[in-house]
Structure formats: C-alpha cells, structure tokens
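Working notes, beginning with the structure itself.
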Amino acid sequence: MTATPITDLAPMKLVIVGHVDHGKSTLIGRMLHDTGSLPEGKAEAVKAMSDRRGMPMEWAFVLDALQAERDQGITIDTTQIFFKTPVRPYVIIDAPGHKEFLKNMVSGAASADAAILVVDAKEGVQEQTRRHGYILHLLGLDQVVVAVNKMDLVDHDQARFEQVAGEVRDYLAGMGITPSAILPVSARHGDGLASKSANMPWFDGPTMIEALDAQDQKPLPVELPLRFPIQDVYKFDERRILAGRIESGKLNVGDTLLFSPSNATAQVQSIEAWSVDGPVLSASAGQSIGITLNDQLFVERGFVASHQVDPPIQTNVFSARIFWLGRAPLEVGRRYKLKLSTLEHPVEVQAIERVIDVADLSERPADRIERNEVGEVVLRARAQLSLDEFTANPRLGRFVLIDGYDMAGGGLISMDGFHDLRRSNTPTSQNITAVETRVTTDARWAANGHRSGVLWLTGLSGAGKSTLALELEQALFRKGWQVYVLDGDNIRFGLSADLGFAPKDREENIRRVGEVAALFARAGVLVITAFISPYRSDRDRARAVAPDLFHEVHVNAGLEICEERDPKGLYKKARRGEIPEFTGISAPYEAPENPEVEVDTGTQTLSQSVEQLLRYVEANFGGKGS
Amino acid sequence: MNHLDALEAQSVYILREAYNKFDRMGILWSLGKDSNVMLWLARKAFFGHVPFPTLFCDTGKKFPEMYAFQKRYKDEWGINLIVRDCPPIEEIDPTLPPAARSAARKTEGLKRIIAELDMQAVVAGIRRDEQATRAKERVFSPRGENAEWDFRDQPPEFWDQFKTDFAPGTHIRVHPLLHWTELDIWLYIQRERIPVVDLYFAKDGKRYRSLGDVDITFPVDSDADTVEKIIAELRETKVAERSGRAMDHEAEDAFERLRSAGYM
C-alpha cells in the first residue's frame with residue numbers, strides 16, 4: 001500500500017488570535033511564503049500592492065484580499081487559507097484583532113484543532129490577548145502555541161522575550177491552559193517560522209512550523225456514549241428514514257435505541273445509504289447517516305437517540321457559561337431560542353450568577369451580560385431538554401441562543417447543583433409503549449420547572465397563617481411558580497358551603513381541604529393551605545392522602561401574642577363566651593410533634609418568615625438540589 | 001473516517017439543514033465539476049433523490065459540451081431542471097469591466113429566477129479555496145432584498161449552528177462545498193466515479209480548470225487527460241484555479257464587486 005500524499009490528508013485547522021496589530025496577518029502571509037504554499041505570482045502581487053501604497057513588503061496583503069480591508073488595515077472577517085508542511089496540510093483561520101469582531105473570531109476558533117496566540121514583544125499582553133486567550137479556553141481549545149512576535153523591534157532581546165513569555169504563561173495558567181510552546185519570532189523577516197533565527201541564537205526551542213507539526217489533531221468522539229440527534233424524518237419512498245449525524249459514539253444494525261425525550265425504544269432495522277458498495281452495518285461519530293426502525297415510533301427533529309445505557313441528561317433547568325455577542329444585553333427574565341444540535345426550544349434566563357472579567361479572571365455579580373462579555377447563567381425551559389454536560393460530551397453540551405433573528409451568544413452546559421430528571425421519568429415497566437401518553441406528575445414538574453406539593457400551614461388564630469400564605473404565594477408567583485393558596489375564604493364559600501362549625505363539620509372541612517390540596521399537588525401546583533387545623537388526627541389524615549407531597553408547617557406564635565394581636569376580634573368574643581369551642585380558649589390546639597418546618601412568627605418579622613419559607617420551598621421543590 | 005468521508009458528511013449535514021429549514025429552495029447547476037459533486041452529495045443526503053428543483057441560468061454562451069452534458073444527466077439523475085435565459089448584456093451595469101459585466105448577466109438571471117419562483121434559499125457550490133472573497137463566506141449566507149452581500153457584517157456561525165432565523169425578505173445562499181478544495185473535489189470525483197464535462201481533460205496540451213462562458217474562459221497548459229493525472233497535477237501546481245476566468249483579473253476589486261452584488 002502506498003502512503004497517502006500529504007495533500008490528500010485532512011488539514012489541521014489552526015486559528016490565529018491576538019491583539020490588533022500584533023502581526024497575525026503578517027505571520028500568516030509569511031508562513032505561507034516560507035512553506036512554499038503561495039500560488040504563483042502571489043508574492044509579486046503583494047510586492048506590487050505594497051509598492052503602490054508606498055510601503056515596504058507587507059505580507060499581511062496576502063490575506064487582505066478585500067479592498068475595504070486594505071484601506072482600514074484591519075482584517076475584517078474570518079478567512080481560510082491553506083498551506084502544507086512535510087508533515088500535513090493546514091487550514092488557517094485568520095481571526096480578526098478588532099474588539100467588536102468577537103463573533104468572527106468565535107466563528108473561526110470554534111472549529112479549530114489548535115491556536116497560535118500572537119503577542120507583540122514590545123507591547124506584551126494586551127486586552128485582546130487576554131480576551132482571545134479566554135475564548136480559546138471557553139471553546140475547549142487547549143493546544144496553544146504562543147508567538148512572541150516583532151522580536152526585531154526589541155533587538156532580539158532574550159530578557160524581554162522571557163518577560164513576555166512569563167506574562168502569557170501566567171495568564172493562560174489561570175485558565176488551566178499550558179501552552180505547547182512559546183516562541184520568539186519576527187514574522188516580517190521570517191525569523192523563527194520555517195527556520196531557526198540567526199538573530200536569536202540563544203533560543204534552542206522549535207521553529208513555529210516544528211511546533212505546529214507537533215500538535216495533535218482532535219479525534220472524533222467515537223468512544224463516548226452514542227448521541228444521534230434526529231435532523232429530519234424522510235419519506236421519499238416506502239422507507240421512513242430518520243436522518244442525522246452521529247455526534248458521538250457508534251451504532252450498529254440491531255441495536256436498541258432509546259429516544260429522548262419520549263423515552264420510547266426501537267431497534268435499528270437498517271442503515272440506509274445511496275451509492276455505496278454493499279449494506280452498511282454500523283456507523284460512528286462524524287457520519288451523516290439515515291436509519292430505519294423496526295417500530296414506527298413517533299420521532300421528530302430534535303429527538304436524541306442513544307443507547308439505553310448512558311443516555312443524555314434530561315432537564316429543564318441548567319447552568320451555562322455564556323459568551324455574549326448580542327447587540328442587546330442578556331438579562332434575567334428575557335426569553336431566547338436555544339439551539340442545541342438539532343433541538344430548538346425557548347428558554348428563559350432565570351438568573352445571572354456572575355460576570356467574568358477576562359482581563360484578570362475576576363468575577364462579579366451582575367444583572368446583565370453585555371456584548372462581548374462572558375458570564376454564568378441559569379436557563380430554564382418549559383419542557384425537558386436532552387443534553388450533556390460540556391465536559392462530558394462537548395457535542396451535546398454546547399448551544400447557541402437566538403435573540404429575534406440573530407445568533408446572540410454561545411454557551412457551555414454545566415449541571416452543577418441540578419438534577420438529571422431522567423431517573424424519575426424513565427418508565428420502570430417494560431410494558432409501557434410509546435402510544436401511552438399519560439401525563440405524569442413528573443412531566444408536570446418538568447414543564448413547570450419545579451416540584452409540587454402541599455405546604456400545610458397550621459397554627460393558632462392570629463399566628464399569621466393567611467398573611468404568610470398570601471405573601472409566599474405572591475413571591476413564588478413572581479418567580480414563575482405554579483402556586484395557589486387554599487384558605488377559609490375560598491373553601492368555606494363553595495366546596496364546604498354546606499358545613500357549619502360543629503366539631504364534625506370542622507373535621508369534614510379539613511378532610512375536604514386535604515383531598516383538594518392533594519389533587520392540586522398532583523396537578524403540578526404548589527398548594528399552600530392556611531387553616532388552624534388544631535387536631536393532629538385531622539392533619540395526619542390530610543398527610544395520608546399524599547404522604548410524599550405533604551409538608552407540615554407550624555406557624556408558631558404564643559397564645560398571648562395571638563390574643564394580643566387578635567386581628568378579627570375573635571379572641572375577645574371567645575373570652576366573652578360568644579364563640580363556642582374557640583381554639584386555644586375553649587378548645588385545644590394540638591401542636592405538631594415533628595413538623596417539616598417551624599416558623600416562629602412570634603419573634604420573626606413577616607418578611608423574615610416569608611424568607612424562611614421561600615428558602616425551604618426553593619430547597620425542597622426547586623430545580624436546584626435538595 | 002478519512003478526509004473525503006468527513007467532507008461528505010459535513011456537506012450532507014448542511015444540505016439536510018437547508019432542506020429542513022426552507023420550503024422553497026433550489027440548487028444551482030452550472031454544469032461544472034463542483035456543482036456535479038454538489039448534486040451527487042444531494043443524492044447522498046436524500047437517499048438517491050434531489051427533493052428540490054435544480055436551477056440553470058442560461059447565458060446562451062456555454063460550451064456545446066456543457067449543454068450536451070446537461071441534456072444527458074438531467075434525465076439520468078432524475079433532476080427537476082428549471083432553465084431560464086439570462087438577461088441581455090444591455091441590461092447590465094455598464095460601469096463593470098467587460099468580462100465582469102458579461103458574468104454579471106448570470107447574477108441578474110439568478111435574481112429573476114429567485115423572484116419568479118419565490119425561492120427562500122439557493123444552494124451554490126462555491127469553495128473557500130477558490131478565491132479570496134469566497135474565503136470570507138458563511139455556510140448560510142444571508143442576502144438583502146436585492147441579493148447583495150454585506151461581507152462587513154456577517155452573522156456568527158459556529159458549532160454547525162447556521163443562521164436560520166430571518167426577517168421577511170431575506171434570501172439565503174447555502175454553501176455546502178465551502179470547506180472543500182479543488183483537489184478534494186477531484187479526489188471525490190475519482191472515488192465516486194462522478195461524470196464531468198470532457199473539457200476538463202487535456203487535449204493538445206491544454207485543458208480547462210474552471211468552466212464558464214465560452215468568451216471569458218480560457219484553458220491552461222496541461223497534459224492531464226485523466227482524473228488521476230489531474231489529481232497529480234493539482235498536488236504540485238501553484239497556478240490559481242480561476243486564472244482562466246477573465247472577470248477575476250480585470251481589476252483588483254472586480255470579483256469583489258461582482259460578489260457584493262450577488263454573484264455566486
């Protein structure tokens with residue numbers, strides 16, 4: 001077998017980044033020339049262009065093909081340039097240095113295998129050196145060669161080189177990047193690019209080309225768990241083909257696939273292909289394929305096929321590190337369209353945890369993320385999304401956000417502090433089939449973004465149950481919760497209109513409240529009840545209706561305090577004997593023995609009590625960990 | 001997965017994204033090697049079908065071999081071909097240099113087809129390595145109402161997330177071959193045994209590397225009379241692919257002006 005010629009190999013993708021005017025385009029132009037990769041006549045053309053503008057040989061003109069660019073002297077857009085060394089071909093993505101052009105840099109750097117970070121020997125590390133370095137880190141690009149350029153302008157001084165090299169090394173180390181090499185070069189003169197520099201005999205490291213040839217090409221994620229996001233479903237002929245690209249892992253004919261989010265399973269009947277020799281029996285990461293199934297499941301674009309072992313995470317809330325390119329800032333409460341592989345779904349910004357200053361890697365709280373800033377946010381969707389953490393599987397761990405018509409940012413997913421909701425969703429019964437579409441409480445929780453249940457407030461008259469319930473309801477509702485208060489006002493007038501205040505009637509009233517609260521809770525609502533409910537046995541019965549959802553809250557203020565407050569004048573009436581069997585006066589109050597929560601409304605202010613219950617609710621019913 | 005497999009998979013992915021996103025789209029068939037490869041890739045993507053019309057703007061000045069090729073393969077490949085004549089030269093911007101003005105007939109013809117068929121998107125087989133302004137392109141490249149290209153403010157494009165949300169009136173050019181090189185195209189033609197017009201193969205020491213209209217396309221010196229020899233030639237050559245295309249070379253910015261106005 002003859003070896004494949006260098007020219008026929010997949011090129012390594014290089015991105016060249018760095019501060020404006022630190023010499024990126026010059027470095028590229030000169031590398032093309034020094035590796036013999038320039039088309040015939042191009043060097044002469046560049047010479048002519050330079051002469052016409054009264055400049056010395058300007059290698060940057062090799063790339064600056066557009067009229068507008070040359071006039072501004074700034075590389076406007078991502079350009080792709082091919083060159084080859086004796087080891088392999090390369091395609092260079094020339095990233096711009098101008099501050100507002102982050103989107104072009106990301107467009108280029110996101111697909112790169114390795115990066116060259118260019119730093120001016122005289123100016124050292126500048127704002128965009130840091131910013132670009134940080135973006136490389138965000139995009140997971142960890143193969144970085146640093147070129148300390150324009151060494152001719154600092155008299156090829158070793159001490160200055162060491163100083164700049166140290167600066168770069170320190171900054172990159174802060175993000176966990178160790179550069180593969182830091183090289184002194186003078187791109188304009190070709191010093192240190194394809195050959196060692198006679199001007200810098202003190203440097204015994206590799207040339208730029210040698211350093212690049214030592215980098216590794218990113219392997220396809222064949223060894224990761226299978227992720228096959230459905231791109232489309234075709235029925236051009238009798239076949240029903242699920243088309244898509246395998247993002248990671250591999251699949252074989254006969255494999256059982258699990259489809260998220262429906263959780264239905266089916267076997268791969270065939271892998272369809274046109275104009276290939278023989279049947280295709282397996283496919284792996286990177287391939288755009290089509291499959292047929294042995295079962296006509298409902299499957300559409302955005303579904304993710306995996307194996308039953310190691311499926312993607314399902315969640316409707318997650319945190320993400322975001323780089324923002326949008327003209328309008330990212331703000332809490334704003335809605336965007338999320339695109340993750342082939343999935344598209346609206347999401348809302350629930351919180352902005354912090355903004356990261358890429359200049360010194362410091363973090364600060366913020367309520368918005370401006371254009372070209374980086375931050376950490378919590379995003380919430382109305383349905384469960386199938387995804388991975390970026391560190392576990394980059395292909396399904398990254399997404400973009402669309403604001404209106406425009407791609408406004410990119411993000412990397414972290415599930416730190418959030419649950420994978422799949423465990424509670426996956427049907428344990430083998431008999432459940434795709435046609436069964438029962439809406440489970442879990443599914444409602446997923447849609448609402450929180451769990452539901454009954455917060456059963458019990459306490460003496462005047463302890464503040466109703467006030468606390470209504471305040472809590474309002475606070476949760478503002479945060480987007482499905483929440484409802486049941487109290488005497490809305491129960492007694494309807495559901496229990498037939499009941500009086502005799503002990504038997506009270507018991508029946510509480511029984512009804514317990515049943516209704518459980519129904520609300522099963523429907524996905526967080527119910528807050530506010531009844532004195534003095535008898536342990538009544539409360540226990542209410543708990544028994546939905547034991548997994550029931551949380552008893554003792555709203556506790558001493559009798560003296562309640563009697564002193566006496567907002568409705570009931571204690572006075574009771575003392576006068578006008579109300580028979582008044583709890584605390586002429587009837588007992590059986591305080592809870594082990595309530596889930598005890599709220600001391602006797603000493604706490606109302607806002608303290610609301611705050612206490614909010615924290616309890618967030619911790620026990622929220623998307624975040626309990 | 002080798003290099004050609006990776007290129008193919010990426011192009012198939014792009015074509016499927018376009019087909020999913022646009023109800024009314026077409027694919028340009030210039031009869032050159034690249035658009036043949038592109039149609040081949042469409043049939044790969046859609047399992048032997050080309051589920052949208054194939055568009056051809058006829059300048060009336062293509063080589064006879066090209067018309068013969070079209071006649072044969074539109075039936076053999078099961079293509080729904082829509083042909084329209086390009087407008088006459090008199091209707092084209094007279095300030096353009098002569099060859100560029102001639103080439104601009106195709107731009108104008110394309111605009112009229114797009115308007116007539118109310119196309120949301122057309123697929124074009126341009127490649128980044130062909131020409132510097134094409135290197136700046138996006139895979140999904142939005143055009144304004146008048147088909148013009150604003151290369152100064154292009155949408156971000158990364159992680160294979162293409163621009164698929166647009167204001168009404170926006171038109172999209174889809175470029176599934178953007179990441180291919182001329183050599184890749186020929187290696188793929190060899191592997192897949194894709195037919196091409198004979199003019200690419202050398203006769204009497206000359207061959208065409210790039211095909212356009214008869215009067216503004218010139219052959220280059222070459223003895224490569226088979227696909228294998230063309231591949232061997234391309235591994236060594238330093239002559240630019242479009243050196244035989246007159247409109248690229250009339251002025252430093254001629255091609256850029258053509259493209260900003262909507263040329264492929």
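Would you check which residues across the stretch A:1-44 are of a type outside the set (A, V, I, L, M, F, W, C), more than 13 Å from every other protein chain (Cβ to nearest Cβ) and not in a loop (DSSP other than H, G, I, E, B) and list them?
A:G18, A:K24, A:T26, A:R30, A:D34
Assuming A:P219 fulfils every condition listed in (1) within 30 Å of A:V439 (Cα to Cα); (2) within 11 Å of chain B (Cβ to nearest Cβ) apart from one, which condition is it?
Result: A:P219 fails condition (1) only.
Among the residues that make up the stretch A:381-393, is at least one of them among the small types (G, A, S), surrounded by 18 or more Cβ atoms within 10 Å (Cβ to Cβ) and within 14 Å of another protein chain (Cβ to nearest Cβ)?
No, the stretch A:381-393 contains no residue that is among the small types (G, A, S), surrounded by 18 or more Cβ atoms within 10 Å (Cβ to Cβ) and within 14 Å of another protein chain (Cβ to nearest Cβ).
Could you look through the stretch A:319-335, keep only residues that are in contact with a Leu (Cβ under 8 Å, 6 or more places away or on another chain) and closer than 19 Å to A:L385 by Cα, and pick out the one that is surrounded by the most Cβ atoms within 10 Å (Cβ to Cβ)?
Here the residue is A:I322.
When the residues of the stretch B:164-198 are narrowed to those that are hydroxyl-bearing (S, T, Y) and within 29 Å of B:E148 (Cα to Cα), which ends up nearest to the other protein chains (Cβ to nearest Cβ)?
Filtering first and then ranking leaves B:T181.
How do the strands (runs of 3 or more DSSP E) wholly within the stretch A:253-298 filter down when requiring 1 or more residues that are surrounded by 14 or more Cβ atoms within 10 Å (Cβ to Cβ) and away from chain B (no Cβ under 14 Å): which remain?
Here the list reads A:256-260, A:264-272, A:288-293.
Residue check: is A:S284 in contact with a Pro (Cβ under 7 Å, 6 or more places away or on another chain), in contact (Cβ under 8 Å) with a residue 24 or more places away in the chain and within 25 Å of B:N20 (Cβ to Cβ)?
No; evaluated as a whole, the condition is false for this residue.
Tell me whether the stretch A:572-592 contains one or more residues that are within 30 Å of A:K479 (Cβ to Cβ) and either β-branched (V, I, T) or surrounded by fewer than 19 Cβ atoms within 10 Å (Cβ to Cβ) (or both).
For the stretch A:572-592, residues within 30 Å of A:K479 (Cβ to Cβ) and either β-branched (V, I, T) or surrounded by fewer than 19 Cβ atoms within 10 Å (Cβ to Cβ) (or both): absent.
Which helices (runs of 4 or more DSSP H) sit wholly inside the stretch A:434-551 and have at least 2 residues that are in contact with a strand residue (DSSP E or B) (Cβ under 8 Å, 6 or more places away or on another chain)?
Correct list: A:441-448, A:465-478, A:503-522, A:536-545.
Is it fair to say A:A320 is within 26 Å of the chain's Cα centre (by Cα), within 11 Å of chain B (Cβ to nearest Cβ) and either more than 30 Å from A:Y405 (Cβ to Cβ) or outside any loop (DSSP other than H, G, I, E, B) (or both)?
Criteria not met by A:A320.
Within the stretch B:67-79, work out how many residues are out of contact with any strand residue (DSSP E or B) (no Cβ under 6 Å at 6 or more places or on another chain) and surrounded by 12 or more Cβ atoms within 10 Å (Cβ to Cβ).
6
Restricting the first residue to the stretch A:404-417 and requiring it to be more than 10 Å from every other protein chain (Cβ to nearest Cβ), which pairs with a second residue that is charged (D, E, K, R) and not in a strand (DSSP E or B) meet a Cβ separation below 8 Å and a spacing of at least six or different chains?
Final answer for the pair search is A:I413/A:D388; A:I413/A:E389; A:S414/A:E389; A:M415/A:E389.
With the structure loaded, tell me whether A:D310 is on the phi > 0 side of the Ramachandran plot and part of a loop (DSSP other than H, G, I, E, B) or whether it fails that test.
Taking the combined requirement at face value, the residue satisfies it.
Look through the stretch B:204-231, keep the residues that are closer than 18 Å to B:D129 by Cβ and hydrophobic (A, V, I, L, M, F, W, C), and return whichever of them is nearest to the other protein chains (Cβ to nearest Cβ).
B:I231
So if I check each of B:P64, B:P98, B:P87, which one is more than 18 Å from the chain's Cα centre (by Cα), surrounded by 15 or more Cβ atoms within 10 Å (Cβ to Cβ) and away from chain A (no Cβ under 14 Å)?
Answer to the selection: B:P87.
May I ask you to say which residue of A:D191, A:D157, A:D152, A:D204 is of a type in the set (D, E, K, R) and crowded, with 22+ Cβ neighbours inside 10 Å?
Checking each option against the conditions leaves just A:D191.
With the checklist (1) away from chain A (no Cβ under 14 Å); (2) touching a residue at least 60 places away in the same chain (Cβ under 8 Å); (3) closer than 29 Å to B:V12 by Cα; (4) not polar (S, T, N, Q) in hand, flag the one item B:F201 doesn't pass.
Among (1) away from chain A (no Cβ under 14 Å); (2) touching a residue at least 60 places away in the same chain (Cβ under 8 Å); (3) closer than 29 Å to B:V12 by Cα; (4) not polar (S, T, N, Q), the lone unmet condition for B:F201 is (2).
If we scan the stretch B:18-41, do we find a residue that is in contact with a helix residue (DSSP H, G or I) (Cβ under 8 Å, 6 or more places away or on another chain), within 21 Å of B:L178 (Cβ to Cβ), of a type in the set (D, E, K, R) and within 14 Å of another protein chain (Cβ to nearest Cβ)?
no
Across the stretch A:238-252, which residue is surrounded by the most Cβ atoms within 10 Å (Cβ to Cβ) among those that are over 29 Å from the mean Cα position of the chain (by Cα) and at the interface with chain B (Cβ under 8 Å from one of its Cβ atoms)?
That would be A:I241.
For the stretch A:575-622, which residues satisfy the criterion of being small (G, A, S) and in contact with a helix residue (DSSP H, G or I) (Cβ under 9 Å, 6 or more places away or on another chain)?
A:G584, A:S586, A:A587, A:A591, A:G602, A:S607, A:S609
Which condition from (1) touching a residue at least 40 places away in the same chain (Cβ under 8 Å); (2) under 23 Å from A:D505 (Cβ atoms) is the one that A:I561 breaks?
For A:I561, the exception is condition (2).
Only the coordinates and a few stated rules stand behind these numbers; no lab work does. If you're wondering where the values come from, they're calculated on a predicted model, not measured in any experiment. No Cβ is skipped: glycine too gets one built from the backbone with ideal geometry, and neighbour counts run over all protein chains shown.
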